[in-house]
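Visitor: My questions will all concern the structure given below.
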Amino acid sequence: MTVFKSFLILTCLLFPAFLLQGQIRPMVKKGQTRAVIVGVSEYQDTRIPRLQFSHEDASLFASWLQSPAGGNLSPENIRLLTNTQATYGQMVSAYTWLLEQSSADDLAIIYFSGHGDMENQTIMNHGFLLAYDAPASNYMAGGFPIYY
C-alpha cells in the first residue's frame, strides 16, 4: 500500500471525528437552579392512607441536590416541605416563589412524593397532588391541582 493511500484512508477515518468534535459543546449552566420539594407521609385527614417513606424521600432528594453529584444547590434555592409543613397554603407559597424567582435561563425542579388522586364529582375530573391538609373528598379544598 502506498503512503498516499494510507494517508487517504486515515484521513477519511479521522475527518468525521474532527467534524463531530466541533459540534459537541459542553453543557454550560447559564442561570440558577431552584427546587420545590414536597413529601407527605401522613395526612391530617385520617381517611387518607399513611405512606411510609414519602417525607424521607423528599428530605434525601433535597440533601442530594446540595451534594456535588446533585449540583451543589444552596439551601436558599430549595423549598422543602414535609408532612405538617406541606399544607396547601405552604405549597402554593413555594410554587409562587419558584415562579417569581425563576427566569428563562434558570432550571426549576418540582419534586412531589405523596398521594395524588383524581376528582370525579364534576365533569372536569382534575388530578390533584394531596397536601397535608387535603380532605379525603373535595380535593379543591386542599389538593394542589396538577393543571396549575
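Visitor: Any residue in segment 29-55 that's within 24 Å of N138 (Cα to Cα): show its pairings with residues that are open to solvent by 10 Å² or more (accessible area, probe 1.4 Å) and β-branched (V, I, T) at Cβ separation under 6 Å, as long as the two are six or more apart or on different chains.
Guide: Filtered contacts from segment 29-55: G39/T82; H55/T82.
Visitor: Let me ask something additional. Sort out for me the helices (runs of 4 or more DSSP H) sitting completely within segment 1-119 that have 3 or more residues that are modelled with pLDDT under 85.
Guide: Because the criterion is at least 3 residues that are modelled with pLDDT under 85, the helices (runs of 4 or more DSSP H) in segment 1-119 that meet it are 3-23.
Visitor: Out of the residues in segment 38-91 that are among the small types (G, A, S) and under 21 Å from H115 (Cα atoms), which is surrounded by the most Cβ atoms within 10 Å (Cβ to Cβ)?
Guide: A86
The values are calculated or read from the model by the stated rules, or taken from the named source; none is laboratory data. This is a predicted model, so every value here is computed, not measured. Ideal geometry is used to build each Cβ from the backbone, glycine not excepted, and the neighbour counts take in all protein chains shown. These accessible areas exclude ligands, DNA and RNA; they are computed on the full protein's heavy atoms, side chains included. Shrake-Rupley method; radii C 1.70, N 1.55, O 1.52, S 1.80 Å.
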